[in-house]
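The values are calculated or read from the model by the stated rules, or taken from the named source; none is laboratory data. The structure presented is a predicted model; accordingly, all values stated were derived computationally and were not measured. Counting neighbours? That spans all protein chains shown, and the Cβs are built from the backbone with ideal geometry, glycine included. For the accessible areas, the whole protein counts, side chains as well, though only heavy atoms, and no ligand, DNA or RNA atoms are used. Shrake-Rupley method; radii C 1.70, N 1.55, O 1.52, S 1.80 Å.
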Amino acid sequence: MQVLRDALKQAQEHGIAIGHFNIADLVLLKAVFASAQELSVPLIVGVSEGEREFMGVQEVAALVRTLRDEFDYPIFLNADHTHSLAKALDASRAGFDAIVFDASALPFEQNVQQTNKAVEAIKAINPWILVEGEIGDIGTGSQIHEAAPELVKGLTSPEEAKQFVETTQVDILAPAVGNMHGMLKSMVAGQTSKHLDIERIAQIKSATRVPLTLHGGSGTADEDLQNAIAAGINIVHINTELRVAWRHSLEEALAREPDEVVPYKILAFPLEAVKQIARSRLRLFNSPGNSSSQGVRRFR
Ligand code: G3H
Ligand code: ZN
């Protein structure tokens, strides 16, 4: 069975990105897995501290492991935005494939120091776990925001990215390159979208040479995502778009079938709605060459 390090290496070689989708329940997990299976592309499932609290650290690890074994499938589990070493170690012991150790709210030097400590402690439990570090400010909350947050730390420079990667020894870097967590109302309505600093991504890539993750992928223009992947992004995180689809389709199902009480009949609606979003994002992320005309790169 392939490990995440190999899947990422292939993504780097082929100029594509692995889709990372956050889940908070079985509907979301089933939907993103079914979409990946349809396209035969690898998948990373992410759970933040809140999502882990809700699903259970051991429980979500068991669910993902079961899918991987039953279907012989490259599905990986990431402990997203982990702010404490204790929680990072819990996830490491539960068998997660990757940990995003997020000390980005701290001043740069403290972020470096804490991330380095986390890398050492996580690798001591299992050297195969990939550790991602984060620098810069991309806001918080995969939610619908009234207004754009004030991102006081500014965008990541190639110099600090290089220093961060070399000093902390992280496997993966999440930079601030115009991305932001969550969506503005205008983005949900399809009137505006996020735009990325593609030149900066290319400079950070050539300065660090490590896999790069784009957080806050929801609401980003397709063209920007394609260019960002061509410039060196290898993982794209999507959460809010799935949450919006989940909620809207659930409301629609309940309104359409006011007497229905069978959970799996009602939940078939969010399952389908989330699948549609995940499918279209995965198609975009896994099409090499800065265009989807060449088609999706399948792993088998
Ligand atoms: O870690 C999670 C993501 O970065 C998701 O961001 O909610 O803007 O898609 P998003
Ligand atoms: Zn994120």
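How many residues are among the aliphatic types (A, V, I, L, M) and open to solvent by 100 Å² or more (accessible area, probe 1.4 Å) if we restrict to region 248-300?
1
Quick one: in region 43-59, which of the residues that are within 17 Å of the chain's Cα centre (by Cα) and open to solvent by 20 Å² or more (accessible area, probe 1.4 Å) is nearest to PRO288 (Cα to Cα)?
SER48
Just to check your reading of the model, which residue among GLU199, GLU150, GLU146, GLU134 is within 22 Å of ASP80 (Cα to Cα) and of a type in the set (D, E, K, R)?
GLU134
Considering only residues that are part of a helix (DSSP H, G or I), within 16 Å of ligand 2 (Cβ to nearest atom) and open to solvent by less than 20 Å² (accessible area, probe 1.4 Å), which ones fall in region 203-243?
LEU225, ALA228, THR240, LEU242
What are the residues in region 1-40 that are open to solvent by less than 10 Å² (accessible area, probe 1.4 Å) and of a type in the set (Val, Ile, Thr), if any?
Scanning region 1-40 gives ILE18, ILE23, VAL32.
Do the conditions hold for ARG256, that is, is it modelled with pLDDT of 95 or more, under 27 Å from the mean Cα position of the chain (by Cα) and not β-branched (Val, Ile, Thr)?
Against the criterion (modelled with pLDDT of 95 or more, under 27 Å from the mean Cα position of the chain (by Cα) and not β-branched (Val, Ile, Thr)), ARG256 does not qualify.
Show the residue pairs meeting these rules: Cβ distance below 6 Å; 6+ apart or different chains; first residue within region 36-59 and of a type in the set (Ser, Thr, Tyr); second residue within 11 Å of ligand 1 (Cβ to nearest atom).
Here the result reads SER48/ASP80; SER48/HIS81, each pair linking region 36-59 to a residue that is within 11 Å of ligand 1 (Cβ to nearest atom).
Looking at this structure, is LEU184 more than 14 Å from ligand 2 (Cβ to nearest atom), among the hydrophobic types (A, V, I, L, M, F, W, C) and open to solvent by 20 Å² or more (accessible area, probe 1.4 Å)?
For LEU184, the condition - more than 14 Å from ligand 2 (Cβ to nearest atom), among the hydrophobic types (A, V, I, L, M, F, W, C) and open to solvent by 20 Å² or more (accessible area, probe 1.4 Å) - is met.
Every residue in region 93-140 that is of a type in the set (Gly, Ala, Ser) and out of contact with any Gly (no Cβ under 9 Å at 6 or more places or on another chain), please.
ALA94, GLY95, ALA105, ALA121, ALA124, GLY133
Output the residue which, of all residues in region 190-224 that are within 16 Å of ligand 1 (Cβ to nearest atom) and among the aliphatic types (A, V, I, L, M), is nearest to GLY141 (Cα to Cα).
Out of the qualifying residues, it is LEU214.
Filter region 122-181 down to the residues that are closer than 19 Å to VAL100 by Cβ, within 16 Å of ligand 2 (Cβ to nearest atom) and not in a loop (DSSP other than H, G, I, E, B) and list them by number.
LEU130, VAL131, GLU132, GLY133, GLU134, ILE172, LEU173, ALA174
Check whether at least one residue in region 74-94 is open to solvent by less than 70 Å² (accessible area, probe 1.4 Å), assigned to a loop (DSSP other than H, G, I, E, B) and within 16 Å of ligand 1 (Cβ to nearest atom), and report yes or no.
No, every residue in region 74-94 fails to be open to solvent by less than 70 Å² (accessible area, probe 1.4 Å), assigned to a loop (DSSP other than H, G, I, E, B) and within 16 Å of ligand 1 (Cβ to nearest atom).
Among the residues of region 152-169, count how many are out of contact with any strand residue (DSSP E or B) (no Cβ under 9 Å at 6 or more places or on another chain) and either acidic (Asp, Glu) or buried (at least 16 other Cβ atoms within 10 Å of the Cβ) (or both).
Looking only at that region, the number is 8.
Quickly run through region 122-151 and pick out the residues that are closer than 29 Å to ASP6 by Cβ and surrounded by fewer than 16 Cβ atoms within 10 Å (Cβ to Cβ).
If the condition is that a residue be closer than 29 Å to ASP6 by Cβ and surrounded by fewer than 16 Cβ atoms within 10 Å (Cβ to Cβ), then ALA124, ILE125, ASN126, PRO127, TRP128 are the ones that fit.
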